[in-house]
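Remarks on the structure that follows.
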Amino acid sequence: MTIGLRGKQATKITAAEAAARVKPGMWLDYGFGLTQPDAFEVALAARRDELHDVKIRHCLTMRARATQECDPNGEHFGWFNWHFSGYDRKQHDAGRCNYIPFNFGEAPDFYRRFIDPVDIVVIKTAPMDSEGYFNFGGGATYVEAILERARLIIVEVNEDTPAVYGEGNRVHVGAVDHIIEGDGQKAPEIGNPEPSEIDRAVAARIVEEIEDGACLQIGIGGMPNAVCTILKDSGIHDLGIHTEMMTDGIVSLYDAGLVTGARKIIDRGCSAFTFAAGSRRQYEAINRNPDFRSYPVDYTNLPHNIAKNDNVVSINNTTQMDLQGQAASESDGHRHISGTGGQLQFVRGAYASKGGKSFLCMSSTFDKRGDRRSRIVLNLTPGNVVTTPRTDVMYVVTEYGMVNLKGRSVAERAKALIGLAHPDFREGLEREARENGLIPRFCYGMA
Ligand SMILES: CC(=O)SCCNC(=O)CCNC(=O)[C@H](O)C(C)(C)COP(=O)(O)OP(=O)(O)OC[C@H]1O[C@@H](n2cnc3c(N)ncnc32)[C@H](O)[C@@H]1OP(=O)(O)O
Ligand SMILES: CCCC(=O)O
């Protein structure tokens with residue numbers, strides 16, 4: 001599917017001319033991750049003193065934003081963000097941006113049904129191809145839906161932006177208003193730290209549950225990606241990929257020949273994703289490679305579509321879990337960390353898939369500046385947001401073990417989760433669970 005031709009006459013203009021189209025009070029949208037423009041941003045920041053109340057919507061910032069750096073008190077530009085990267089988290093800590101909650105897979109529908117038309121959308125794309133298309137497949141997400149709702153469409157073209165096969169991930173020149181040249185920067189990369197011993201211990205437990213032909217979703221963060229490291233030496237083969245984020249870990253499995261997609265029901269033989277974020281090797285792997293296809297996020301993330309493949313295995317990270325099994329994965333009390341993203345939808349999609357399994361993983365403790373806390377707690381930190389409700393959580397994994405909460409009573413959940421906590425915290429958790437009636441006094445088998 002592509003954006004229908006609107007018979008526009010796209011004109012080439014400079015970044016400064018494009019930025020001159022912005023007026024106070026306008027809503028701008030930059031799409032997601034790799035589609036965020038750079039040359040336009042710098043030109044817009046240069047107009048700071050002429051502008052106020054310009055609102056910019058975006059997601060998962062991958063490199064510093066000129067309009068945030070030039071406007072520390074947010075007097076000119078307001079930022080609205082669907083999911084935080086480390087950079088976004090710092091902006092939010094400093095009071096410079098807003099978080100907008102979403103289940104990621106619903107984002108295209110939000111733009112089509114609930115969000116007012118966008119005044120200007122500016123997205124970074126690969127250069128126009130021989131058929132007249134600009135490809136934004138490294139950040140397909142909900143960009144097509146924004147383009148449908150935008151009053152003015154500007155593409156910032158950049159040689160280094162990957163072009164990806166798939167659907168709903170390109171726009172024809174006939175639908176574009178203006179084309180600006182990018183600043184020639186390389187596509188932004190995100191690091192991939194070596195897995196820790198704990199990451200490896202957790203990953204090893206999950207890998208035991210993965211069978212030949214499983215269809216994987218690997219979430220954001222270090223621990224889910226450690227699973228790929230362990231999988232490489234596991235002897236498992238014919239893996240399929242239907243995921244939200246293309247990760248370096250997945251590409252390393254592809255490079256090792258473990259990913260064939262041969263047993264997938266949809267996109268057989270191909271890896272499906274909605275956005276890419278990682279290393280140069282990752283961007284090279286997905287660039288014009290028919291083994292990889294990107295799609296809008298409602299295709300990758302809506303549970304009924306995830307469930308079209310059999311044996312879906314969804315692996316995501318969480319930051320805190322209470323003894324009922326509620327997973328808080330995106331905040332530390334009222335401090336917002338990341339977002340709901342695709343976690344809940346993949347947990348649900350995996351459950352609905354024939355033979356599917358979902359895993360929420362975490363280290364048993366969180367250590368910041370010498371203050372070591374259990375991630376498994378009686379009560380979530382006040383203000384913490386539940387990302388995945390207890391009714392949806394299936395497997396929970398720490399370095400101390402793995403439990404499946406489906407079908408378990410509250411007392412059984414509490415007992416099982418205490419068993420996954422660090423030994424130093426187990427006694428206190430058990431006492432709290434009993435004092436608060438999670439483990440009833442006279443409950444059979446719970447002595
Ligand atoms: C992407 C897909 O394919 S779809 C589904 C995946 N999406 C999700 O699961 C959404 C929610 N999950 C997430 O956002 C991530 O997996 C996270 C945040 C849970 C973990 O990601 P990581 O990159 O491994 O997290 P990391 O350990 O660097 O911590 C991120 C921040 O949270 C803070 N944090 C983590 N755990 C805790 C905790 N228990 N208490 C307080 N703060 C915490 C860290 O200190 C850090 O903040 P800082 O940058 O100010 O130091
Ligand atoms: C919205 C992108 C990342 C995630 O799902 O966690």
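The values are calculated or read from the model by the stated rules, or taken from the named source; none is laboratory data. What you see is a predicted model, and the numbers here were worked out from it, not measured in a lab. In this analysis, Cβ positions are derived from the backbone assuming ideal geometry, glycine residues included, and neighbour counts consider all displayed protein chains. Accessible surface areas use protein heavy atoms only, side chains included; no ligands, DNA or RNA. Shrake-Rupley method; radii C 1.70, N 1.55, O 1.52, S 1.80 Å.
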Check: Wholly within the range 326-382, which strands (runs of 3 or more DSSP E) include no fewer than the required count, namely at least 1 residues that are away from ligand 2 (no atom under 13 Å from the Cβ) and crowded, with 23+ Cβ neighbours inside 10 Å?
Finding: 357-361
Check: Scanning for something over 24 Å from the mean Cα position of the chain (by Cα) and closer than 24 Å to E211 by Cβ, does the range 412-425 turn up at least one residue?
Finding: yes
Check: Where residues in the range 433-447 are aliphatic (A, V, I, L, M) and open to solvent by less than 90 Å² (accessible area, probe 1.4 Å), which of them is modelled with the lowest pLDDT?
Finding: M446
Item checked: Elements of type strands (runs of 3 or more DSSP E) in the range 173-290, at least 2 residues being over 30 Å from R21 (Cβ atoms) and in contact with a Gly (Cβ under 8 Å, 6 or more places away or on another chain) -> 215-218, 271-273
Item checked: Scope the range 59-79; condition away from ligand 1 (no atom under 13 Å from the Cβ), closer than 20 Å to R335 by Cβ and in contact with a Phe, Trp or Tyr (Cβ under 8 Å, 6 or more places away or on another chain); matching residues -> T61, Q68
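Looking only at the range 181-211, which residues are open to solvent by 30 Å² or more (accessible area, probe 1.4 Å), closer than 30 Å to E156 by Cβ and in contact with a strand residue (DSSP E or B) (Cβ under 7 Å, 6 or more places away or on another chain)? Please lay out each step first, then the result.
As a first pass, look at the range 181-211 and keep what is open to solvent by 30 Å² or more (accessible area, probe 1.4 Å): 181, 183-186, 189-194, 196-198, 200-201, 204-205, 208-209, 211.
Now restrict to residues that are closer than 30 Å to E156 by Cβ: 181, 183-186, 189-192.
E181 - this is the single residue of the range 181-211 that is open to solvent by 30 Å² or more (accessible area, probe 1.4 Å), closer than 30 Å to E156 by Cβ and in contact with a strand residue (DSSP E or B) (Cβ under 7 Å, 6 or more places away or on another chain).
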Notebook entry, point to check: What do you reckon, is T300 of a type in the set (S, T, Y), in contact with a Gly (Cβ under 9 Å, 6 or more places away or on another chain) and away from ligand 2 (no atom under 16 Å from the Cβ)?
Noted result: no
Note to self: of a type outside the set (K, R) and without any contact (Cβ under 8 Å) to a residue 60 or more places away in the chain: is that true of G86 in this structure?
What the structure shows: yes
Note to self: Criterion first (under 13 Å from the mean Cα position of the chain (by Cα) and either buried (at least 24 other Cβ atoms within 10 Å of the Cβ) or in contact (Cβ under 8 Å) with a residue 40 or more places away in the chain (or both)) does I315 satisfy it?
What the structure shows: yes
Next item on the list: Determine whether the range 329-348 contains at least one residue that is more than 13 Å from ligand 1 (Cβ to nearest atom) and touching a residue at least 60 places away in the same chain (Cβ under 8 Å).
Entry: no
Note to self: Need the failing condition index for V251 against (1) open to solvent by 10 Å² or more (accessible area, probe 1.4 Å); (2) more than 16 Å from ligand 2 (Cβ to nearest atom); (3) out of contact with any strand residue (DSSP E or B) (no Cβ under 6 Å at 6 or more places or on another chain); (4) modelled with pLDDT of 95 or more, just the number.
What the structure shows: (1)
Note to self: Quick check on this structure: which one of D233, D267 is within 16 Å of N311 (Cα to Cα) and open to solvent by 10 Å² or more (accessible area, probe 1.4 Å)?
What the structure shows: D267
Check: Which residue pairs have Cβ atoms closer than 9 Å, lie 6 or more positions apart in sequence or on different chains, and pair a first residue in the range 226-247 that is on the phi > 0 side of the Ramachandran plot and within 15 Å of ligand 1 (Cβ to nearest atom) with a second residue that is of a type outside the set (S, T, Y) and open to solvent by less than 40 Å² (accessible area, probe 1.4 Å)?
Finding: none
Next item on the list: Quick one: which residue in A203, A272 is within 23 Å of T365 (Cα to Cα) and either within 15 Å of ligand 2 (Cβ to nearest atom) or in contact with a helix residue (DSSP H, G or I) (Cβ under 7 Å, 6 or more places away or on another chain) (or both)?
Entry: A203
Item checked: H336, sole failed condition from (1) over 26 Å from I100 (Cβ atoms); (2) at pLDDT 95 or above; (3) not hydroxyl-bearing (S, T, Y) -> (1)
Notebook entry, point to check: Hey, does the range 311-322 have a residue that's under 15 Å from V347 (Cα atoms) and either of a type in the set (D, E) or out of contact with any Leu (no Cβ under 9 Å at 6 or more places or on another chain) (or both)?
Noted result: yes
Note to self: Against the conditions (1) touching a residue at least 40 places away in the same chain (Cβ under 8 Å); (2) within 15 Å of ligand 1 (Cβ to nearest atom), where does Q91 fall short? Just the number, please.
What the structure shows: (1)
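Matching residues to (1) assigned to a strand (DSSP E or B); (2) without any contact (Cβ under 8 Å) to a residue 24 or more places away in the chain; (3) polar (S, T, N, Q):
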{"site": "S130", "(1), (2), (3)": "no, yes, yes"}
{"site": "E148", "(1), (2), (3)": "no, no, no"}
{"site": "V155", "(1), (2), (3)": "yes, no, no"}
{"site": "A163", "(1), (2), (3)": "no, no, no"}
Checklist line | Restricting the range 314-325 to residues that are over 17 Å from H242 (Cα atoms) and not in a loop (DSSP other than H, G, I, E, B), the residue that is farthest from ligand 2 (Cβ to nearest atom) | finding: D322
